[in-house]
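Beneath this line is the structure, given in structure tokens, with notes to follow.
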Amino acid sequence: MENILDFTRDDLAVWLESRDIRPFRAGQIFKWLYIRQVDAFEQMTDLSKALRKTLADCFFVNRLILDERQVSVDGTEKFLLRLADGQHIESVLIPEKDHFTLCVSSQVGCAQACQFCLTAKGGFVRNLSVAEIISQVRDARYYLLEKDVDPLKLSNIVFMGMGEPLANYKNLIKALFIITDSDYGLKFSSRRVTVSTSGLVPKMTQLGLDTDVNLAVSLNATTDEMRSELMPINKTYPLPVLLAACQTFAMKPRNKITFEYILMKGVNDTRTDALRLVKLLLPIKAKVNLIPFNEHGRSDFKRPSKNAVSDFLQILLDRNLTAITRKSKGDDILAACGQLKAKLLP
Ligand code: SAH
């Protein structure tokens, strides 16, 4: 038995054709799964009884098990989700002014070993399947539906949860196809989907060729020395290599790459850092998201003062770099950037 949520619509069409079933049925099945949110093939009433039985014999549909839900004072909700093998991941539903953003995970744990990140402390366990990535989105839409909120209000996805999405490339790409499958799937506009990476350069370039989604790069430092210390991936793909790939990254004319820059007190928050950042990003179509470090028990890094953060921002703005300070949400429930850990830690 296979999980039908592992299949893109094209995969399913091929599967159907191999059984002499008309491939357009894949679209009907997708609408049942993703728009009408049905979990049983027998409910797919515009399919013949025989086809419904064939599907039920070959596939299953499931949901992730919600083991725990935490709600922040700002309305951000964190879901602790149990996978079929007992592993856990987290996803975060963030209310914005007129829509929701879902922050999804791509791996159980992470192999990147970034010094500041809590997920890294648990090490790498495994990649998520396509179905496990997709289910985070499908289940969040269902969650809103059950609360009488229009599920399409969930319009934005960021791959900024646990894991390095580009280290799970094959499944990421299939999941992105389903998420943005306009007429039949989850119907997200690719403009509202962002993949964030620590800087796996070859896969990053490939993402630009394979999809239209937004790219975010976790930069976090302005010298190779410091970046290699904070993010070991920098030893494989150092700043000149990473930034050159950003400069030629395939994207729509008006798009920009988002550079995430965690501000850590006394580490990367000086005026010199800000000036170097401006210089590094000058040749790139870039915008900067400053993220004041979210403190957690497993790291000694500290968040700079409010003034230090706004001074840093001002230096970028004064030199015409597009930049914002990202407002942290859900930090009281450890749902903010870099605070996700699920049940990995000893
Ligand atoms: N692996 C991907 C996506 C997950 S991390 C990546 O590296 O981009 C998502 C973002 O959270 C990254 O920009 C990372 O730099 C940031 N982050 C990690 N730990 C953090 C912390 N403690 N405080 C603030 N941001 C953090």
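Things to note:
- Test: residue in the range 264-275 that is surrounded by fewer than 21 Cβ atoms within 10 Å (Cβ to Cβ), touching a residue at least 12 places away in the same chain (Cβ under 8 Å) and aliphatic (A, V, I, L, M): yes
- Meets criteria (in contact with a Leu (Cβ under 7 Å, 6 or more places away or on another chain) and either among the hydrophobic types (A, V, I, L, M, F, W, C) or more than 12 Å from the ligand (Cβ to nearest atom) (or both)) for Phe249: yes
- Selection of the range 171-199 for residues being of a type in the set (Phe, Trp, Tyr) and within 14 Å of the ligand (Cβ to nearest atom) yields an empty set.
- Filter result for Ala167 (aliphatic (A, V, I, L, M), in a helix (DSSP H, G or I) and either within 11 Å of the ligand (Cβ to nearest atom) or farther than 25 Å from Glu68 by Cβ (or both)): yes
- Identity of the residue in the range 276-288, farther than 15 Å from Ala221 by Cβ and surrounded by 14 or more Cβ atoms within 10 Å (Cβ to Cβ), that ends up farthest from the ligand (Cβ to nearest atom): Lys285
Each row is one residue, and each column tells you yes or no for (1) more than 12 Å from Met160 (Cα to Cα); (2) within 11 Å of the ligand (Cβ to nearest atom).
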{"residue": "Leu83", "(1), (2)": "yes, no"}
{"residue": "Gln87", "(1), (2)": "yes, no"}
{"residue": "His99", "(1), (2)": "yes, no"}
{"residue": "Val104", "(1), (2)": "no, yes"}
{"residue": "Ala111", "(1), (2)": "yes, yes"}
{"residue": "Thr119", "(1), (2)": "no, yes"}
{"residue": "Val125", "(1), (2)": "yes, no"}
{"residue": "Leu128", "(1), (2)": "yes, no"}
{"residue": "Ile134", "(1), (2)": "yes, no"}
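- The C-beta contact set for the range 116-141 (first residue in the same structural domain as Pro165 (by TED's automatic domain parsing), second residue of a type in the set (Phe, Trp, Tyr) and within 15 Å of the ligand (Cβ to nearest atom), distance under 9 angstrom, 6+ apart or interchain) comprises Phe116/Phe293; Phe116/Phe301; Ile133/Phe159.
- Asp318, sole failed condition from (1) of a type in the set (D, E, K, R); (2) under 23 Å from Ala216 (Cα atoms); (3) within 16 Å of the ligand (Cβ to nearest atom): (3)
The values are calculated or read from the model by the stated rules, or taken from the named source; none is laboratory data. Here the structure is a predicted model, which is why all the values come from computation and not from measurement. Cβ sites come from the backbone with ideal geometry, for glycine too, and all protein chains shown count toward neighbours.
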